[in-house]
1. Suppose a student asked you for the relative contact order of region 1-62, using Cα pairs under 8 Å spaced at least 6 residues apart; what percent would you report?
2. Treating the angle as unsigned and between 0 and 90°, give the value, to the nearest 10°, between the Cα long axis of helix 95-104 and the longest Cα principal axis of the chain.
3. What is the distance, in nm, between label points placed 7 Å from the Cα along the Cα-to-Cβ direction at Thr71 and at Thr131?
4. Ordering Cys89, Cys125 by accessible area with a probe of 1.4 Å, largest first, what comes out?
5. Rolling a 1.4 angstrom probe over the protein heavy atoms, how many square angstrom per residue are accessible across region 83-151?
6. Taking 7 Å along the Cα-to-C-beta vector as the label spot, tell me the Glu15-Arg34 distance in nanometres, rounded to one decimal.
7. Name the residue farthest towards the positive end of the dipole of the chain from the options Cys84, Val162, Gly46, assuming +1 on Cβ of Lys and Arg, -1 on Cβ of Asp and Glu, about the Cα centre.
8. Compute the relative contact order of the chain as a whole-number percentage, counting only Cα pairs closer than 8 Å that sit 6 or more residues apart in sequence.
Amino acid sequence: MDGLDKRKRAEEIFEYYGALENRGEQDVIVAMLRELQEVYGCITAGTAERVADVAGVKGAFVRALVRMYPTLKEAAFLHEIIVCMGKTCSEKGGRDIYKVLQRVLKVRGNGISRDGKVRVRTQSCLKHCGTAPNMLIDGKLYTGVTQEKLMGILKNELHLGV
Ligand code: FES
């Protein structure tokens, strides 16, 4: 499954569980988390926040569930940023966005920032070339990303001290 397929699958999961009347019940939230883990391999803090929104509960409750259930795996990093490096995106600024991310987050060879909070990686085409440059953060698509917009997202949405 590539990044876009994963995002589509995750959106289907959010849509399905979001429509359930009992979406705020613990068993239902855990079922949603399990399905998302099948897609992403683990649950990042960003995914946990999204689950909380969909279920109508607090983020802290969802994060506690992830820690409580042995079958659920909390990500070793809090957020994952995927920068599109397809031809259109890289030519329209994606390459620079990736360089800025590596510099400001002090990304090491394993793709994880020095503070361990973010994993940064690239992907060939997110199939939204019309809005290049694009990136995904915890599965959410960001389009027309400028360096200024990127810094705002890192500070205000991910609350990183950059
Ligand atoms: S090249 Fe980035 S979405 Fe296609």
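The values are calculated or read from the model by the stated rules, or taken from the named source; none is laboratory data. Everything numeric in this text was worked out from a predicted model, so none of it was measured. So basically every Cβ, Gly included, is an ideal-geometry build from the backbone, and we count neighbours across all protein chains shown. What goes into the accessible areas is simple: the full protein's heavy atoms, side chains included, and nothing from ligands, DNA or RNA. Shrake-Rupley method; radii C 1.70, N 1.55, O 1.52, S 1.80 Å.
1. Details: 46 pairs, mean separation 20.6, N = 62.
Once divided by the residue count of region 1-62, the mean separation gives 33 percent.
2. 70 degrees
3. Those two pseudo-labels are separated by 3.5 nm.
4. Cys125, Cys89
5. With the other protein chains kept in place, region 83-151 gives 53 Å² per residue.
6. Going from the Glu15 label point to the Arg34 one covers 2.3 nm.
7. The Cα lying farthest towards the positive end belongs to Val162.
8. On the way: 240 pairs, mean separation 32.6, N = 162.
Answer for the chain is 20 percent.
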